[in-house]
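> Please find one structure pasted underneath; my questions will follow.
The values are calculated or read from the model by the stated rules, or taken from the named source; none is laboratory data. Model, not experiment: these values are computed from the prediction. Note that we place each Cβ from the backbone using ideal geometry, even for glycine, and neighbour counts take in every protein chain shown.
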Amino acid sequence: MTKIIVYHSKYGCDTGCCGHTVKMGDAEKFEFDHPYGQDFRDFAEVMIRETFGEEHIKDLDWENCRVVDD
């Protein structure tokens, strides 16, 4: 089974160099983006849709997501 994980990453919000990464296997994409009050799951699903396509929404490994609203 394919799993997609979304997590907060890079150097920390205090540096201005942070955002979220969406990862599926060896493929990943970083974006300087945060949910800013948006529903966390909706935020993760948008990242998946834009990076891997609608068909991979079902692969979201929500239990292992790390979404931080900073």
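> Taking the stretch 1-21, which residues are within 16 Å of residue 65 (Cβ to Cβ), of a type in the set (Val, Ile, Thr) and either assigned to a loop (DSSP other than H, G, I, E, B) or out of contact with any Leu (no Cβ under 9 Å at 6 or more places or on another chain) (or both)?
Those that are within 16 Å of residue 65 (Cβ to Cβ), of a type in the set (Val, Ile, Thr) and either assigned to a loop (DSSP other than H, G, I, E, B) or out of contact with any Leu (no Cβ under 9 Å at 6 or more places or on another chain) (or both): 2, 21.
> With 13, 17 as the choices, which residue is touching a Phe, Trp or Tyr at 6+ places or on another chain (Cβ under 7 Å), loosely packed, with under 14 Cβ neighbours inside 10 Å and not basic (Lys, Arg)?
17
> Next up: Can you pull out every residue in the stretch 22-68 that is among the small types (Gly, Ala, Ser) and either surrounded by 14 or more Cβ atoms within 10 Å (Cβ to Cβ) or modelled with pLDDT of 90 or more (or both)?
Result: 27, 44, 53.
> I need the full set of residues from the stretch 11-70 which are small (Gly, Ala, Ser) and touching a Ser or Thr at 6+ places or on another chain (Cβ under 9 Å), in order please.
19, 25, 27 - these are the residues of the stretch 11-70 that are small (Gly, Ala, Ser) and touching a Ser or Thr at 6+ places or on another chain (Cβ under 9 Å).
> While we're looking at this one, here's another question. Return the residue satisfying two criteria in turn: it lies in the stretch 35-70 and is within 9 Å of the chain's Cα centre (by Cα) and outside any helix (DSSP H, G or I), and of such residues it is farthest from residue 5 (Cα to Cα).
Step by step, filter the stretch 35-70, then rank; the result is 67.
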